[in-house]
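Here's the structure, in structure tokens; my notes come after.
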Amino acid sequence: RRILLTPSDKSLADMIARIELVLSQHPGVIETVTIYESEHSYTRLIFQHVEINRPLDRRLFEEIP
């Protein structure tokens with residue numbers, strides 16, 4: 001349920017040490033994404049009330065004049 005991503009490029013590794021994805025018990029859903037800049041600095045995104053394959057309004061894909 002946990003995926004750990006580490007950058008292979010040194011220039012990126014200087015900014016992001018690793019990214020950790022925690023998967024939900026529900027297929028296709030991520031619970032959290034944590035981006036570690038260092039051991040003491042990170043950004044965490046928490047996903048709640050996730051809806052999968054919800055119908056989207058067609059207007060979202062219309063060209064804006």
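The values are calculated or read from the model by the stated rules, or taken from the named source; none is laboratory data. These figures come from a predicted structure and were not determined experimentally. Ideal geometry is used to build each Cβ from the backbone, glycine not excepted, and the neighbour counts take in all protein chains shown. What goes into the accessible areas is simple: the full protein's heavy atoms, side chains included, and nothing from ligands, DNA or RNA. Shrake-Rupley method; radii C 1.70, N 1.55, O 1.52, S 1.80 Å.
With respect to Ile52, is the statement that it is in contact (Cβ under 8 Å) with a residue 12 or more places away in the chain, surrounded by 11 or more Cβ atoms within 10 Å (Cβ to Cβ) and out of contact with any helix residue (DSSP H, G or I) (no Cβ under 9 Å at 6 or more places or on another chain) true?
no
Restricting attention to segment 1-13, and to residues there that are in contact with a strand residue (DSSP E or B) (Cβ under 9 Å, 6 or more places away or on another chain) and of a type in the set (D, E, K, R), which single residue is least open to solvent (accessible area, probe 1.4 Å)?
Going through segment 1-13, the residues in contact with a strand residue (DSSP E or B) (Cβ under 9 Å, 6 or more places away or on another chain) turn out to be 1-7.
Going one step further and asking which of them are of a type in the set (D, E, K, R), we end up with 1-2.
On the way: Arg1: 134, Arg2: 154 Å².
Filtering first and then ranking leaves Arg1.
Could you tell me whether segment 14-35 includes any residue that is in a strand (DSSP E or B), open to solvent by 80 Å² or more (accessible area, probe 1.4 Å) and in contact with a strand residue (DSSP E or B) (Cβ under 6 Å, 6 or more places away or on another chain)?
The first filter runs over segment 14-35 and keeps only residues in a strand (DSSP E or B), leaving 18-23, 30-35.
Restricting the remaining residues to those that are open to solvent by 80 Å² or more (accessible area, probe 1.4 Å) gives none.
No - not one qualifying residue is present in segment 14-35.
Enumerate the pairs (first residue in segment 18-39 and basic (Lys, Arg); second residue anywhere and open to solvent by less than 60 Å² (accessible area, probe 1.4 Å) and in a loop (DSSP other than H, G, I, E, B)) with beta-carbon separation below 9 Å, excluding pairs fewer than 6 apart on the same chain, so at least 6 apart or on different chains.
Filtered contacts from segment 18-39: Arg18/Pro7.
Of all residues in segment 43-58 being part of a loop (DSSP other than H, G, I, E, B) and not aliphatic (A, V, I, L, M), which is farthest from Arg18 (Cα to Cα)?
Asp57
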